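Here is the structure we will look at.
The values are calculated or read from the model by the stated rules, or taken from the named source; none is laboratory data. Computed from a predicted structure; not experimentally measured. Keep in mind that these areas ignore ligands, DNA and RNA; they rest on the heavy atoms of the full protein, side chains included. Shrake-Rupley method; radii C 1.70, N 1.55, O 1.52, S 1.80 Å.
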Amino acid sequence: MRSTTGKIRIAPLRPRPLFTALVLTCLFLLPCAGVRAQQIPQYTQFVFNHFPINPAVAGSKDCLDIRLGFRKQWVGFEGAPTTAWATVHGAIRSKQPFVKNRHGIGVWVEADDTGPLGYTHFYLAYAYHIQMKQDYFMSMGFFAGAKQMKLDAGVITLDDYNDPAIDGSKSVFVIPEITPGIWLYGKKGWLGLSIHQLLGNKIRDFGLGESRLTRHALLSGGRRFKIGKHQALTPSALFKISPGSPVAMDLNMMLDHKKIFGIGASYRNTDAVALMFRLSFLKFFQLGYSYDITTSKIRVASSNTHEIILAITPCPPNDPRRAIVRCPVWE
């Protein structure tokens, strides 16, 4: 429903091979870089928010993972996107300690308002994780659920109140959604691919004529490098690929100290640069905050975006017999 160029519109396993694959993919995609319409949520802290990006993340830890997020985009711009979400996922393990493969399940609920347009969705997730090598896994999973889309004609000012683009439109409709994903990960890095809006649902009685939700392929990857006794650097990238639109690219860099606090920066092509901060506290809690500085033309009306995420990960004391890749160090 939004464009990262600043326009709102309705669009009719080893560490080295893993990191090399990421770099080669980035080099392949970079010549196509550019940004246009996005119909799916935008997150600056995607490394701190993996599950909504890829359903195969479900169950990738030894403990329950709970996240609450809120994003206020283009503050001060009337009708700008406001997004709130909650996720929870965990692993279903075999009672036999030598069985490394496992199942993951989860739930993702999100609400988004962009002026008169908005949606609420509820997705269930399932993933199956296969151990490829010591400390390296591959998982395959999917989201399945429904999205409710809405149009509030009462907040739209028209010259002609009988405008057929509004007068004949439904105010609310519900569509099914499926999102598959694959995820390769270990203690030091990850590489994943997911396809959102796979069904390409047709949108009828909403505006003029018939439009369709386009499929979005999301490719993400990153790796953690130790640069001192207590410090580490994590570069990461997220690419959003949709037919008819240039590739949207997010590049992040995060520096952390003892996994207690971290600072970072992000670049989103033709849209924004961002500063990020993360803090661990009270053993099981983490708080992430990002501040986007708008670089697109919309900066004339609004120059900043705020995003905050609270994570709760009550990982128990490590049991080597049952350990997966508990609370991966790259996060």
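Each residue of region 176-192 in order: what ³J(HN,Hα) in whole Hz does its phi give by Karplus 6.51 cos²θ - 1.76 cosθ + 1.60, θ = phi - 60°, with x for Gly and Pro?
Karplus-based 3J(HN,Hα) across region 176-192 equals x, 9, 9, 10, x, x, 9, 9, 10, 8, x, 6, 10, x, 7, 8, x Hz.
In this model, which of Lys188/Lys283; Lys72/Lys259; Lys61/Lys147; Lys147/Lys240 are farther than 25 Å apart at the alpha-carbon?
With Cα atoms farther than 25 Å apart: Lys72/Lys259; Lys61/Lys147.
What whole-number distance in Å separates the alpha-carbon centres of region 64-121 and region 261-295?
First find each Cα centre; the distance between them is then 17 Å.
Using modelled backbone amide H atoms (1.01 Å from N, in-plane), which distant-in-sequence or interchain residues come within less than 5 Å of Glu177's amide H?
HN-HN under 5 Å from Glu177: Gly145, Ala146, Lys147.
So, for region 74-140, what is the accessible surface per residue at a probe of 1.4 Å, expressed in square angstrom?
45 Å²
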